[in-house]
Amino acid sequence: MGLFDFFKKKGLNPMTQYTQMPILLGGASMGQFNRTSAQDSFASNADVYAIISLLARKAASIPWYVYKKKKDKGSAIALERYKLASRQPFDLKKLQEYRSKALEDGEMITDSELAKLMNRPNNTQGQDKFFESLYVWYWLTGEGFIWGNNGGSDNPKAPFVEMYPLPSQYMDHIVDPKDIFGLLGWMLNVGMPIALPKDVVLQWKMANPLLIDNHVNIRGMSPLQAAYKTSMMGNEAETAAYSMMKNGGAKGALSPEPVGNVAPMVTLEQAQSIKEFMSTYVNGAVNKGNITVLQTPWKYLDFGLSSVDMQLVESQKITLEKLCRVFGVPVVLFSPDNMADNNYQNALRDLVTNTIVPAIASLRDELNRWLVERNGKGEEYIDFDVQALPELQRDIERLVNAVSNAPFLTFDEKREACGFEAKGGEFDVAYVNGGLIPLGESSLDLPDEGDDAEI
């Protein structure tokens, strides 16, 4: 059942329960930036589209699962430490250690209602497309919304049967006039306005320190709000470049070279004939591979880029660099000179660890707060599998090599450091190389201190 089908089936006017509520407040705005500025930039600015698409696709490639919490001593503390460690640039070893102590990795839940909902949020989207849509709106507008459909139940705590991402640029919030932090509900303005209770809508947002109509921390702040002028500068540069390419004039000229001591003179009629000859017998795909005969030697003068052209190219580079800084994306990822370089792989890793993982870790905490109470059980926990990313494979290899070459660790300590469960028994023992013996028991004839003194 879709969002509009729900209201048709119930026979409700979606505005009824909110007729007495205060005036609607739109999305965050500052200066000329408004809710449509972000989507216009995404649709018309190639740099904005490339950055947000990269973030959304890479984040959507991280799978989500439902795990079972451990009930061992210290597991609750380990879970809190795991949450904190994953919300910042992390140490993979510590992250895996906390995770193995908090969650039952070997008991991934697949048959519960919560697991089925996370695997297939709705009938039109799989998990990856669902989250990719959510990520695009989050990085574009500074917030993402999920509507949970409870099947039309009158029970406010009824479990959700499906979830849909909502376009944040069309969401308005209904504030509580008695509480600057209060929120009464949401309004989705797509054609017919649809009022939504706040308990069926999850808002995942970026921090916003700005006061909006005397209410704080209600809407997220879009990165494009800080980079609005930069984005507009990029749009103007693209428009100027397009106009210049369309009406740029000739980029070069032919000049006859002297024959002997005589410099040939070309009349306007001869120049026109030469242009027609070049267009007919030299330029164009039909002349590829042909041999053309010229009566006299010619020299080509390349006018090159003008100072205005060069300024446009430089301004486009500066715009891209500023936008990358605002979104937390290494600009190296958009430089063709570094595609085969080790710097490119390091930049991908920095993107994952410094930008993507901390962001979706905050989404994970919101999903556990919003979904588990309705659809899950007390021991269930929603989490993403960051080890699925190829950018972290080198970190995992280094971690495995480091712990495998540490004889003072038990096998269980090594397993926990790599994210596996401890097995106990013989695995709770440290094994050393049995071929090593004390130096004094070796058969080597070592010189004593007296020999060294004589030397």
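The values are calculated or read from the model by the stated rules, or taken from the named source; none is laboratory data. These numbers come from a predicted model, not from an experiment. Cβ sites come from the backbone with ideal geometry, for glycine too, and all protein chains shown count toward neighbours.
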Legend entry - Residues located in the range 296-341, provided they are among the hydrophobic types (A, V, I, L, M, F, W, C) and modelled with pLDDT under 80: TRP298, LEU301, PHE303, LEU305, VAL308, MET310, LEU312, VAL313, MET339, ALA340
Legend entry - Top-ranked residue of the range 40-72 - restricted to ones that are surrounded by fewer than 18 Cβ atoms within 10 Å (Cβ to Cβ) and assigned to a helix (DSSP H, G or I), ranked as modelled with the lowest pLDDT: ASP40
Inset, instruction - Could you tell me which of the residues PHE427, PHE408, PHE420 is at pLDDT 65 or above, surrounded by 10 or more Cβ atoms within 10 Å (Cβ to Cβ) and outside any helix (DSSP H, G or I)? - result: PHE420
Legend entry - Residue within the range 211-222 that is touching a helix residue (DSSP H, G or I) at 6+ places or on another chain (Cβ under 8 Å) and either in the same structural domain as TYR170 (by TED's automatic domain parsing) or modelled with pLDDT of 85 or more (or both) present: yes
Inset, instruction - Can you work out which of the residues in the range 73-94 that are assigned to a loop (DSSP other than H, G, I, E, B) and at pLDDT 85 or above is nearest to GLY328 (Cα to Cα)? - result: GLY74
Legend entry - Single condition PRO177 does not satisfy, out of (1) surrounded by fewer than 16 Cβ atoms within 10 Å (Cβ to Cβ); (2) assigned to a strand (DSSP E or B); (3) not acidic (Asp, Glu): (2)
Inset, instruction - Scan the range 132-149 and give yes if some residue there is without any contact (Cβ under 8 Å) to a residue 12 or more places away in the chain and either in contact with a His (Cβ under 8 Å, 6 or more places away or on another chain) or not β-branched (Val, Ile, Thr) (or both), otherwise no. - result: no
